[in-house]
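Data first, discussion second: the structure below is written as structure tokens.
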Amino acid sequence: MLRLYRMINFQQPSRSVAMDILPLLDDRKKPRVALFRSIQTDRYITSDTLMVEDAVYYWELLLLGLRIPFRIIDERDIGGGIDKRYRVLIMPATEAVSKRQKRRIKDYVEDGGGLIASGRFAMFDEDGNRADDGWFEELFGARQLTDIPSQPYGFLQSLDGNTPLGNGIPIGYHLNIAAQRPLTVARVTEAESGGRFIPYNPQHQSSFEDLTTLVYRRYGKGKAVWMRFNPQDVSREKVQQENYQRLIVNAIGDLAQVTSISLAPWPNARPMAFSVAAMAAAGFTH
């Protein structure tokens, strides 16, 4: 009974199912979640000196709010291979990735690791040159697209329940996402789409048919998730945060290949739901 209580207390991610992520919570001296800070992207790609720092910082706040222990790593920690004790690797704002690092990442997922990439991912090499998208498509089963109309005021991303990412989230729920500059979306080829891209202006919808900013892929023994947005890009409105954090707990639990159990519906368990991370408001538009 104590174990059940702790699961409800820490990570009730849905209306009917909870992820047992106790294996990720128990040993704080050896975290099973790694948060990657891309030195290469910071150095060679972005003119926004805070882009990488902000993305990592808000992921830190989110993980701390969810009480999930993690360790910060960088390129030096993956050059010789990614430590298998990490069951989930989170790589926000990682736009520059070398060929060697790509091999290490692919091997890690293929061998059973879980990868969450947020932002434009591996679009450049370690020197800042535009990279071929074939590696991204092989790993994620989707192609990143940039030749689409910009959305300067933000957009909506539906969560359609097609994948484990949407467990317990109302089918078709729309996350309100701040503008992404430059905007990057994905067209799924072999993966599963977590939902649809929806522009604020319905007249623009035809330009985004079959496109998404949320991708879920089984690859080898592991799984990978790509989302264009970072935690600070999601509306701070309470229900938005509850459903976004369910999405993240679903992703971490599923990628770590932990078990799940049935619980009372969400309203009955809500007083013992996971913590909400305190984050400053993003520049989204309702």
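Table: residues versus (1) within 18 Å of Pro31 (Cα to Cα); (2) surrounded by 22 or more Cβ atoms within 10 Å (Cβ to Cβ); (3) touching a strand residue (DSSP E or B) at 6+ places or on another chain (Cβ under 7 Å).
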{"residue": "Leu63", "(1), (2), (3)": "yes, no, yes"}
{"residue": "Ile72", "(1), (2), (3)": "yes, no, yes"}
{"residue": "Met91", "(1), (2), (3)": "yes, yes, yes"}
{"residue": "Thr94", "(1), (2), (3)": "no, yes, yes"}
{"residue": "Gly112", "(1), (2), (3)": "yes, no, yes"}
- prompt: Which residue pairs have Cβ atoms under 7 Å apart, sit 6 or more places apart or on different chains, and have a first residue in the range 146-169 that is among the acidic types (Asp, Glu) and a second that is modelled with pLDDT under 95 and not in a loop (DSSP other than H, G, I, E, B)?
  reply: Asp160/Gly166
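Taking the condition of being among the aromatic types (Phe, Trp, Tyr) and within 13 Å of Gln180 (Cβ to Cβ), how many residues in the range 209-225 meet it?
Of all residues in the range 209-225, those among the aromatic types (Phe, Trp, Tyr) come to 216, 219.
With within 13 Å of Gln180 (Cβ to Cβ) added as a condition, the list becomes none.
Looking only at that region, the number is 0.
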Matching residues, the range 157-171, being among the aliphatic types (A, V, I, L, M) and buried (at least 19 other Cβ atoms within 10 Å of the Cβ): Leu159, Leu165, Ile169
task: Could you list, in sequence order, all residues of the range 210-258 that are of a type in the set (A, V, I, L, M), in a helix (DSSP H, G or I) and surrounded by fewer than 21 Cβ atoms within 10 Å (Cβ to Cβ)?
output: Val239
- prompt: Just checking, how many residues over the range 130-145 are without any contact (Cβ under 8 Å) to a residue 40 or more places away in the chain, touching a strand residue (DSSP E or B) at 6+ places or on another chain (Cβ under 9 Å) and in a loop (DSSP other than H, G, I, E, B)?
  reply: 2
- prompt: Out of curiosity, is Ile261 modelled with pLDDT under 75 and in a strand (DSSP E or B)?
  reply: yes
message: I want to confirm something. Restricting to the range 180-209 and keeping residues that are of a type in the set (S, T, N, Q) and surrounded by 15 or more Cβ atoms within 10 Å (Cβ to Cβ), which single residue is farthest from Ala55 (Cα to Cα)?
response: Ser193
- prompt: Name the pairs whose Cβ atoms lie under 6 Å apart, with the first residue in the range 64-85 and over 20 Å from Asp111 (Cα atoms), the second in a strand (DSSP E or B) and of a type outside the set (Asp, Glu), and 6 or more positions between them or separate chains?
  reply: Ile68/Val33; Phe70/Val33; Phe70/Leu35; Arg71/Ala34; Ile72/Leu35
field: Residues satisfying the stated conditions in the range 193-209, i.e. without any contact (Cβ under 8 Å) to a residue 40 or more places away in the chain and of a type outside the set (Gly, Ala, Ser)
entry: Arg196, Asn201, Pro202, Gln203, Gln205, Glu209
message: Being closer than 22 Å to Ile248 by Cβ, surrounded by 14 or more Cβ atoms within 10 Å (Cβ to Cβ) and more than 18 Å from the chain's Cα centre (by Cα) is the requirement here; does Ile82 meet it?
response: yes
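Conditions (1) in a loop (DSSP other than H, G, I, E, B); (2) within 14 Å of Arg37 (Cα to Cα); (3) of a type outside the set (A, V, I, L, M, F, W, C), marked per residue:
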site: Leu64; (1), (2), (3): no, no, no
site: Ile72; (1), (2), (3): no, yes, no
site: Arg103; (1), (2), (3): no, no, yes
site: Val109; (1), (2), (3): no, no, no
- request: Scan the range 120-150 for residues that are over 21 Å from the mean Cα position of the chain (by Cα) and within 24 Å of Thr41 (Cα to Cα) and jot them down.
  value: Asp125, Glu126, Asp127, Gly128, Asn129, Arg130, Ala131, Asp132, Asp147, Ile148, Ser150
query: Counting only residues that are in contact with an Asp or Glu (Cβ under 8 Å, 6 or more places away or on another chain) and either polar (S, T, N, Q) or modelled with pLDDT under 95 (or both), how many does the range 191-229 have?
result: 1
- request: Answer yes or no as to whether Arg103 is modelled with pLDDT of 95 or more and surrounded by fewer than 17 Cβ atoms within 10 Å (Cβ to Cβ).
  value: yes
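Taking Tyr44 as the residue in question, decide whether it is at pLDDT 85 or above and among the aromatic types (Phe, Trp, Tyr). Full working, then the answer.
Numbers: at pLDDT 85 or above: no; among the aromatic types (Phe, Trp, Tyr): yes.
So Tyr44 does not fit the description; no.
The values are calculated or read from the model by the stated rules, or taken from the named source; none is laboratory data. Just so it is clear, the model here is predicted, and its values are computed rather than measured. Virtual Cβ from ideal backbone geometry, glycine too; neighbours counted across all protein chains shown.
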